[in-house]
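Structure, as structure tokens:
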Amino acid sequence: MKFNLHFPPGEIVLDEGQYKRPNRKSYYSFCSKTGLWEVANKFGYSSEQFGLQISLEKMRMDELEDAKETPEEMASTFTCAVFKTPQAVLEGARHMASVEISCEPCVRKHVRSIFMNNAVVSTSPTPGGNTTIDSFHQFAGVKWLQDKPLTRFEDTQWLLIQKAEEENLLQVTVKLPDIVLDRLRSDSNDYYLSDGVSKYAQLWNEQRKLILHDAFCNFLLPSMEKEARSLLTSRAKSWLLSEYGKLLWDKVSASPYPWKENDVSSDEETAPRVMACCWGPGKLDTTFVMLDSSGEVSDVLHAGSLNLRSHNSVDLKRKKTDQQRVQKFMMDHQPHVVVLGAANLSCKRLKEDIYEIIFKMVEDNPRDVGREMDNLNVVYGDESLPCIYENSRISVDQLPSQEGIVRRAVGLGRYLQNPLAMVATLCGPGREILSWKLNPLENFLTPDEKYGMVEKVMVDVTNQVGLDINLASCHEWLFAPLQFISGLGPRKAASLQRSLVRAGAIFTRKDLLTSHGLGKKVFINAVGFLRVRRSGLTSSSSQLIDLLDDTRIHPESYSLAQDLAKDICREDDNDDDDVLEMAIEHVREKPHLLRAVDVDEYSEQKNRLNKNETLNHIRLELLEGFQDRRRPYVEPSQDDEFYMISGETEETLSEGRIVQATVRRVEPHRAICDLESGLTGLLYYENCLGGCRNVNELSDELHKGNILTCRVKSIQKNRYQVFLTYRKSEMTSNCFQNPRPMDLYYNEECNTLRKEKAKAHKQKELGKKLFKPKMIVHPRFQNITSDEAIEFLLDKDPGESVIRPSSCGPQRLKLTLKVYDGVYAHRDIEEIGKEGKDITGLLQIGKKLKIKDEIFEDLDEVMDRYVDPLVAHLKAMLNYRKFRRGNKTEVDELLRTEKAENPKRIVYGFGISHEHPGSFILTFIRSSNPHHEYISLFPKGFMFRERMFEDIDHLVAYFQRHIDDPRDPTALIQ
């Protein structure tokens, strides 16, 4: 038996066991209860029969019998108090039939297949988007897409389209091409309509066509569009998550700084001693931190005068003193490398100062400079991760007595020594690693999605590298990757760490099972990635350590490894028992013997073909146990240094970009400017606004402190200089285009007709000005249209306003108030007591003015009693601590994030209502879904739930006390 269950969108069906809530009755349920299902059954094929036919799961069924009466005659027998006419009865019955068709699984499957394979996406800018989106804008590549198939979306392009649509910059259509839609409708008609030619058959077919039109246009196609959008979002986020993982992998899988050749047979520590330097702006002195080879702080030096650029004798003396102190600091600790945080342009000069100290040290004290300091290098380091470490809880726990800049320098140096451990340090309960910005589009991912990828990458890299547990037992920060060892996790890792720290050292992997509480299954999963080697406290012990414990060979395969080593020794004519006992050490000392082994032939001889792959891995590990397979460390390139120091990216600073520049100095042939990033901008006289014909005109046109809007002509990265142009012709020229590759479906030319129509429409609208310029003199009054008022307020701060003529007639004015960027409220002002004898009287201001129920004597009183209090309340809301920037969707996401961090709290916040300018949205989350209520703005205060509040604190207090009060959803906006 098959049941057809139809749940229209407006109807809620609860699972068994849930609390019962009031149901929203759909129109379908209403029609069904009044008996219209009998009429719906008379239209012909049922939804199930239609679905089986259109999906070709069943051959065409018997022909429909022609009715003996018209649809209206049949419907007249079903009229009632609710459906009083035959037309109303037919309309309700058609709705039931269309809903059943749209909910039929076979129909949905068939339409879904056609839609997903053939639907196309087109985009075009809104009027605001056409102005905002230039060739360098984030959305430039999706501004004009024409009929791009769903199947061709592969990267994050859809996420950009979605964001642009939310910001009202793009109009997006997802639809079937007309030819496909026509074919679908034609097929549907073939399988649903009657082949009869009688008058009655034709009348019933008209009803069936209306049913199909309703089912496809109002239910199926909108539903498929929603599914398609969701599918595109899912695909794009999966691609973005993969890219996020690749970027993290590149950061984490980098090898430590190579200060010497790694000697695998040696048990000495191979990490370099690092002197980390962070630039200080003044209050925080430039700081040097010395880290030993284990990443522990050996010494700290503050040298605030090293940055001084003054040439007076006092400053020169202070700077020389600091140079001597830094030189002694380096002589005392003999670093292998100096890493300098690339914070800003001052770091470029600081690097030159450090090199000057090094050269002087080598020149003055050649004998005292150790061999390890030969060719001492100064490298730049990215401060993004160290800054997160500086402000994290874990850094305070690890370095409780150190100030912030010291913790940042420690993070900088440790990342150079051990990138994996440094990143893992920030993967604790606070998930600070999520603050590390790796991809400009990562805001589309939720914190849980990002952290899931972080865990995958960290598990892969950690198990590839392994963990030296003896070294970590002596240095807590090196234990950070332990949670990512296979089979462990945060809780088991913390327990094992406490046990290992108490023991101090471990000499064999088996101790993990017998002495440190690892279960058998956990031990089997984890032990192959835990290295037991002579390090930490075991470095001074005489107790033997099995060489196999410092390989990726699992203890279950130790016997295979020993047998292989013994067989190799026998092949080398070493049958001595002592040699065979030390076979592993013997073959490690003679790697050529291992290289000569043919594993395939050996496994066949020993009848161990099933262990062929294992034996091959054993041979590789015996050759080079725990060989570091991470990519070698590479010093930052010139481009990397430029972008790190300037804080810019290829997206934010490139040729043709518009930038703000402040004139610092005007020279005879050029003006020296400062960009917002601190870079130096050069503006030559021939590139100025009027194209100065001689040098003298440059000093007349530009002065120190002028803020200019310029275009980037070229960038000289090695000198950190940007060449600018200020010429009007080049500022408005389209010759500067972003060189990014365009989408194959990007087609702006096809929209020429749209542009012409838009231009004609604009001219038509301008011709519709329904007001004459009024004879009103007031500083806040202007004779402009609504669009011109918005343009006038575009670059003004929220709260600015203008009074203008109203298009509603000569006896009205309009107050246009800028509520927020892109949000403008219009309030009507009625003029009372006008003398309408002639046109002059109509164009003069009325004797009294009226806004709603309040009377004002003149415009000054309007400003004092109405506008100024209104603006005061507006600014109070915008500056309130719980105010959230963004549209409704963005505020919802912010609160969801806050709720995830504080699941026991009811989180709330205020936002701007873009749909109802002049109102605010109060959004709050109790459990999981956000709820919204509106707040209206008045001169007397804020109207909330039909109550007036003088300030926001009283409103919030009332809301918190009455959060559970029932609300009327139809009266949200006052």
| Over 32 Å (Cα to Cα) - which of K437/K899; K704/K814; K246/K899 fall in this group | K704/K814
| message | Please arrange M863, M458, M275 by how many other C-beta atoms lie within 10 Å of their C-beta, fewest to most. | response | M863, M458, M275
| task | Work out how much length L609 to T514 would gain on full extension: take 0.36 nm times their residue separation and subtract the Cα-Cα distance, in nm to one decimal. | result | 30.9 nm
| said: Starting from the 7 Å offset along Cα-to-Cβ, what nm value, one decimal, do you get for the label separation of R152 and T173? | reply: 1.7
| remark: Quick note, the stretch 880-971: a/c under 1.5 would make it rounded; otherwise a/b > b/c is prolate and the rest oblate (a ≥ b ≥ c, C-alpha gyration tensor); here it is prolate
| request: Mind giving me the nanometre distance, one decimal, between the label points for D674 and K437, set 7 Å out from Cα along Cα→Cβ? | output: 2.2
| query | FRET efficiency for K109 and E650, Cβ-Cβ distance as r, R0 = 35 Å, nearest 0.05? | reply | 0.15
| 0 to 90° range, to nearest 10: angle between helix 313-333 axis and the chain longest Cα axis | 60
| query | Hey, what's the Cα Rg ratio for the stretch 431-545 versus the globular rule of thumb, 2.2 N^0.38 Å? | reply | 1.21
| request: Find the relative contact order for the chain and round it to a whole percent, using C-alpha pairs within less than 8 Å whose residues are 6+ positions apart. | output: 6
| With a sphere of radius 12 Å drawn around the Cβ of T321, what net charge do the other residues whose Cβ falls strictly inside it have (Lys, Arg +1; Asp, Glu -1)? | +4
| Which FRET efficiency, nearest 0.05, do S486 and N117 yield, Cβ-Cβ r, R0 60 Å? | 0.90
| note | Place a point 7 Å from the Cα of Q202 in the direction of its beta carbon; the residues of the stretch 70-104 whose amide N falls under 18 Å from it are 70-73
| note | Given Cβ charges of +1 for Lys and Arg and -1 for Asp and Glu, the option among L350, Q811, I672 whose Cα lies farthest towards the positive end of the dipole of the chain is Q811
| query | How much length is gained on full extension from R570 to D195, taking 0.36 nm per residue of separation minus their Cα-Cα distance? | reply | 125.9 nm
| field | Test item: Cα-centred dipole of the chain, Lys/Arg +1 and Asp/Glu -1 on Cβ, debye | value | 3420
| remark: Checked the stretch 768-863 against the a/c 1.5 cut and the a/b vs b/c comparison, axes a ≥ b ≥ c from its Cα gyration tensor; verdict prolate
| task | Sum -39500 (n - 2.57) across every DSSP H segment of at least 4 residues in the chain, then divide by the residue count to get the 222 nm mean residue ellipticity, nearest 500. | result | -12000 deg cm²/dmol
| By how many degrees, 0 to 90 and rounded to 10, does the Cα axis of helix 612-623 deviate from the longest principal axis of the chain? | 60
| query | Once both labels are modelled 7 Å past Cα along the beta-carbon direction, what's the M582-M731 spacing in nm? | reply | 8.2
| Sites E946 and K888 - FRET efficiency at Förster radius 22 Å, r taken between beta-carbons, to 0.05 | 0.50
| query | Stretch S135-D598 to full length: gain in nm at 0.36 nm per residue minus the Cα-Cα span? | reply | 160.6 nm
| query | In Å, the Kirkwood hydrodynamic radius of the stretch 553-623 over pairs of distinct alpha carbons? | reply | 12.0
| task | Take the alpha carbon atoms of the stretch 456-519, find their center, do the same for the stretch 62-118, and report the distance between the two centers in whole angstrom. | result | 68
| query | Going by a ≥ b ≥ c, the root eigenvalues of the Cα gyration tensor, does the stretch 648-731 fall in the rounded group (a/c under 1.5), the prolate group (a/b larger than b/c) or the oblate group? | reply | prolate
| field | Share of alpha-carbon pairs per 5 Å distance bin for the stretch 471-596, given as whole % | value | 2, 10, 18, 20, 17, 12, 10, 7, 3, 1, 0
| request: Sort out for me the Cα centre separation of the stretch 184-235 from the stretch 903-926, rounded to whole Å. | output: 40
| For the chain, with +1 on Lys and Arg beta carbons and -1 on Asp and Glu, the positive-most of S194, S395, Y380 along the dipole | S194
| Cα long-axis angle, helix 86-103 against the chain (0 to 90 degrees, to the nearest 10) | 10
| task | For the stretch 274-464, restrict the atom set to alpha-carbon positions and state the Rg and Dmax in Å. | result | 18.3, 58
| Cα centroid separation, the stretch 809-879 to the stretch 323-358 (Å) | 65
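Every number in this text was worked out from the coordinates using simple rules, so none of it is lab data. This is a predicted model, so every value here is computed, not measured. Ideal geometry is used to build each Cβ from the backbone, glycine not excepted, and the neighbour counts take in all protein chains shown.
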